[in-house]
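J.: Sharing a structure here in structure tokens format.
The values are calculated or read from the model by the stated rules, or taken from the named source; none is laboratory data. Bear in mind the structure is a predicted one, so any value in this text is a computation, not a measurement. Don't worry about glycine lacking a Cβ; one is built from the backbone with ideal geometry, like all the others, and counts go over all protein chains shown. Protein only, heavy atoms only, side chains kept; ligands, DNA and RNA dropped before computing areas. Shrake-Rupley method; radii C 1.70, N 1.55, O 1.52, S 1.80 Å.
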Amino acid sequence: MSDIPLRQVTVDRTASGRFTATNARGGTIDFGTAVGGGTEFTPVELLLAAIGGCTAADVDVATTRHAEPDGFTVTVTGNKVSDDLGNRMTDLAVTFAVSFPEGEAGDRARAILPRAVTVSHDRLCTVSRTVETGTPVTATIKDV
């Protein structure tokens, strides 16, 4: 990653309820509202994926220094609610299912896994840290 703190994505509408996000490096991801039974990710699912992906990357770096995992799955769940505070997610939970091969290297990776998950959650994962600490979001309209 760059030393420049600003990150940016641009979201373009491609059809009714369908969008493409483009990052500064030219990468794209299509998503939508799931109206009409589409299979693309919804914005809420992208949020869950961002939380899981961020912490998975942290834990992967820490553990694979010792051993390549046999299996590595991160599941992120939450409840979408609508109440007096508006639409939002509650009860967000991240669950790691990681296995390593038998042997000394696998033992080292298993031993550091709990600490790697904790450090990612408490300090490193920008996405979950932003959600947990709360960050104001501003919305403006640009003259076109």
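J.: For the residue pair residue 12 and residue 28, what label-to-label distance in nm results when each label sits 7 Å from Cα along the Cα-to-beta-carbon direction?
T.: Going from the residue 12 label point to the residue 28 one covers 0.7 nm.
J.: May I ask you to rank 91, 83 by accessible area, largest first, using a 1.4 Å probe over the protein chains only?
T.: Ranked from most to least accessible, the order is 91, 83.
J.: Where does the chain land at 222 nm, in deg cm²/dmol rounded to the nearest 500, when only DSSP H runs of n ≥ 4 count, each adding -39500 (n - 2.57), divided by all residues? Don't skip to the answer; put the middle values down first.
T.: Values: 3 runs with 45 residues, N = 144.
After summing the helix terms and dividing by residue count, I get -10000 deg cm²/dmol.
J.: Moving on. What is the sum of charges around residue 110, taking Lys and Arg as +1, Asp and Glu as -1, for the other residues whose C-beta is under 15 Å from the C-beta of residue 110? Let's see the in-between values first.
T.: On the way: positive: 65, 108, 115; negative: 60, 68, 70, 102, 104, 107.
Result for the local shell: -3.
J.: Next question. Compute, for residue 121, the solvent-accessible surface of its heavy atoms (probe 1.4 Å) with the complete set of protein chains present, and express it in square angstrom to the nearest 10.
T.: Only protein atoms counted, so the area is about 80 Å².
J.: Give me the dipole magnitude in Debye, nearest 20, for the chain about the Cα centre, with unit charges on the beta carbon: positive for Lys and Arg, negative for Asp and Glu. Could the numbers behind the result be given before it?
T.: Numbers: 13 positive and 18 negative charges, 70 e Å.
Computed charge dipole of the chain: roughly 340 debye.
J.: At R0 = 41 Å, how high is the FRET efficiency between residue 104 and residue 75 if r is their beta carbon distance? Nearest 0.05 is fine. Mind dumping the intermediate values first?
T.: Working: r = 29 Å, r/R0 = 0.70.
My answer for the efficiency is 0.90.
J.: Ordered by residue, what ³J(HN,Hα) values in Hz, to whole numbers, does segment 48-60 give under the Karplus form 6.51 cos²θ - 1.76 cosθ + 1.60, where θ = phi - 60° and Gly and Pro are x?
T.: These are the phi-based 3J(HN,Hα) values: 4, 4, 5, 4, x, x, 5, 6, 4, 5, 4, 5, 4 Hz.
J.: Quick one: if you stick a label point 7 Å off each Cα along the C-beta vector at residue 144 and residue 44, how many nm between them?
T.: Going from the residue 144 label point to the residue 44 one covers 2.7 nm.
J.: How large is ³J(HN,Hα) for each residue in segment 114-122, as worked out from phi by the Karplus curve 6.51 cos²θ - 1.76 cosθ + 1.60 (θ = phi - 60°), to whole Hz, x for Gly and Pro?
T.: x, 5, 4, 5, 5, 5, 4, 5, 7
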